[in-house]
Amino acid sequence: TVMKKENSPKRFSFLPDLTDDDRILLSKVVDWAEISEEKYITKFSAFLDERQADLCRKALASVCCDRYRLWGGYENAERCVLCVHPPYSEAENEDFPITALTFSYRSGDRLTHRDFLGSFMALNISRDSVGDILVGSGKTAVFIRSSVAQEVSSVQKIGRVGVSCSEGYDSTLVPEIQMKEINGTVASLRFDCVAALALGISREKAAAAIKGGNAE
């Protein structure tokens, strides 16, 4: 059951430092929670970055909606599409409007994330239509909204490098998550104390990193 939305201008006052774009996004997502329940409609967002995804989780929690899923085309993707689905229904991976493409080129040619993104932007493709870009040696996987897949797959050059495109992606391009166990004692469970222990730096430096938005 979705809690009815409030029309107060302070609707998302519990979330700090929101931009106008943030408020538009969250209002839309909260509306989807109500629409999906009342009209049994599934809604998909554009690609969200990690911050936007976290804000959406909190906004949906505020209206008691847990009927959603985030997926970026592979496990632990940084940029994801949000799906808000009706009751008694779930979104499978293949339901998301995401297409994976792999660009192949000579391993001696060095291309970067910026090279690929710049080429896509030159096609007037919006940033939120592009998910993660996983750059490897001689091949790069790109996750995009399916609505622009045909246009992106027609690209034959990234910068000055000739490329060929195929659908799908090589799982070896997905970075492995490295886990490391750290033992120690902290004065308190404050984030700066824990971060200082994990990073092996002073609490003052950890606090500065957190304040600068360089730690999550």
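The values are calculated or read from the model by the stated rules, or taken from the named source; none is laboratory data. Fair warning: this is a prediction, and the values are worked out from it, not measured in the lab. Cβ sites come from the backbone with ideal geometry, for glycine too, and all protein chains shown count toward neighbours. Calculation scope for accessible area: heavy atoms of the full protein, side chains included, ligands and nucleic acids excluded. Shrake-Rupley method; radii C 1.70, N 1.55, O 1.52, S 1.80 Å.
Consider only pairs whose beta carbons are under 8 Å apart and that are at least six residues apart or on different chains; among these, list those whose first residue lies in the range 58-75 and is farther than 17 Å from VAL174 by Cβ and without any contact (Cβ under 8 Å) to a residue 40 or more places away in the chain and whose second residue is open to solvent by 70 Å² or more (accessible area, probe 1.4 Å) and among the acidic types (Asp, Glu).
These pairs meet every condition: LEU60/ASP66; ARG69/GLU90.
Looking at the range 98-117 only, could you name the residues that are in contact (Cβ under 8 Å) with a residue 40 or more places away in the chain, out of contact with any Lys or Arg (no Cβ under 6 Å at 6 or more places or on another chain) and under 25 Å from CYS83 (Cβ atoms)?
Hits for the range 98-117 are ILE98, THR99, ALA100, LEU101.
Just to verify a result, which residue in the range 87-107, among those that are out of contact with any Ser or Thr (no Cβ under 9 Å at 6 or more places or on another chain) and open to solvent by 30 Å² or more (accessible area, probe 1.4 Å), is farthest from ASN76 (Cα to Cα)?
ARG106
For the range 40-51, enumerate the residues that are in a loop (DSSP other than H, G, I, E, B) and more than 21 Å from ASP17 (Cβ to Cβ). First the steps, then the outcome.
Kept after step one, since they are in a loop (DSSP other than H, G, I, E, B), are these residues of the range 40-51: 40-42, 49.
Once the filter is applied, which keeps residues that are in a loop (DSSP other than H, G, I, E, B) and more than 21 Å from ASP17 (Cβ to Cβ), the range 40-51 yields TYR40, ILE41, THR42.
Would you call ARG79 of a type in the set (Lys, Arg) and surrounded by 14 or more Cβ atoms within 10 Å (Cβ to Cβ)?
Details: of a type in the set (Lys, Arg): yes; surrounded by 14 or more Cβ atoms within 10 Å (Cβ to Cβ): yes.
Yes, satisfied.
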